[in-house]
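What follows is calculated from the coordinates using simple rules that are stated; it is not laboratory data. All of these numbers come straight from a predicted model, not from anything done at the bench. Counting neighbours? That spans all protein chains shown, and the Cβs are built from the backbone with ideal geometry, glycine included.
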């Protein structure tokens with residue numbers, strides 16, 4: 001992989017991580033267009049790009065993260081503590097998938113564009129349902145809803161099924177306020193991705209850095225990392241505003257088109 005390809009893939013990852021169009025699906029499509037490996041052997045590079053976008057979340061939502069930790073260390077049952085508990089609850093499904101089905105998930109990432117196209121159509125359907133559904137909007141995300149949203153996040157390990165699209169659409173269908181969902185969706189992904197990154201670092205020590213990166217040079221990896229971080233900062237802020245305005249239907253149309261094309265050319 002050249003540094004230019006890494007740059008473009010990093011930009012693609014950063015932009016699509018927060019937009020409800022599936023970053024993993026677009027990475028698979030981008031790698032196929034570049035004639036690169038399907039992603040099964042350079043999973044570490046994909047995780048590196050995800051870590052970059054997590055850091056962009058920390059930058060954009062820094063004030064909210066500081067508020068959460070301030071409330072947590074008051075050692076009281078307050079709003080921040082409740083919020084953190086909900087994030088921990090949302091992590092349970094994805095932790096189960098990560099520990100029990102990690103190898104199976106990695107196999108799916110190397111299975112071609114057909115599964116990506118199908119999952120993009122599923123993403124489009126979820127976004128469409130959430131757009132036309134008009135449930136009563138609840139003021140706070142409950143622990144039960146946090147767990148259900150966490151199940152949506154666990155399902156979104158499938159390439160092409162958008163994590164942000166799945167979690168936000170699920171939250172909307174449950175009747176949660178759209179103003180709160182984007183922030184919760186972006187914060188709840190930080191612990192799982194960082195945990196996955198730590199596991200991959202352990203694997204790198206076992207198999208060697210070069211093999212884990214699938215032959216990608218350190219320069220290309222750094223270029224991809226910073227491209228994903230910068231574009232992720234832009235996309236995170238943009239997506240929060242989009243969710244508040246309720247304009248997700250256009251992303252459903254986009255996913256239908258791209259998903260259909262991925263199936264046709266798979």
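Using a 10 Å cut-off around each Cβ, can you sort 179, 196 from fewest to most neighbouring Cβ atoms?
179, 196
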For helix 23-33, report the angle its Cα long axis makes with the longest principal axis of the Cα atoms of the chain; keep it between 0 and 90° and round to the nearest 10°. 20
Per the helix-only model, the chain has a calculated mean residue ellipticity at 222 nm (DSSP H runs of ≥4, -39500 (n - 2.57) each, divided over all residues, rounded to the nearest 500) of -26000 deg cm²/dmol
Using a basic spin-label model with each label point 7 Å from the Cα along Cα→Cβ, how many nm lie between residue 7 and residue 265? 2.2
Just want to confirm a number: the relative contact order over the chain, from Cα pairs under 8 angstrom separated by 6+ residues, in percent. 39
Which residue, 22, 162, 217, tops the fluctuation ranking in a GNM of the chain built on C-alpha contacts under 10 Å? 217
Choice from 69, 129, 251 showing the highest fluctuation, given a GNM over the chain with Cα pairs closer than 10 Å: 69
Taking 79, 139 and counting other beta carbon atoms within 10 angstrom, the fewest-first order is 139, 79
In the Gaussian network model of the chain, springs joining C-alpha atoms below 10 Å, which of 55, 199, 114 carries the largest mean-square fluctuation? 199
Grab the Cα-Cα distance for residue 81 and residue 67, subtract it from 0.36 nm times how many residues apart they are, and report the gain in nm with one decimal. 4.0 nm
Residues 170, 128, 53 in order from fewest to most other beta-carbon atoms within 10 Å are 128, 170, 53
Compute the acute angle (0 to 90°) between the alpha-carbon long axis of helix 178-188 and the principal axis of greatest extent of the alpha-carbon atoms of the chain; round to the nearest 10°. 50
Give me the number: length gained by fully extending residue 134 to residue 114, i.e. 0.36 nm times residue separation minus the C-alpha to C-alpha distance, one decimal in nm. 4.0 nm
Could you work out how far helix 218-245 tilts from the main Cα principal axis of the chain, as a 0 to 90 degree angle to the nearest 10? 30
What FRET efficiency, computed as 1/(1 + (r/R0)^6) with R0 = 45 Å and r the Cβ-Cβ distance, is obtained for residue 241 and residue 74, rounded to the nearest 0.05? 0.90
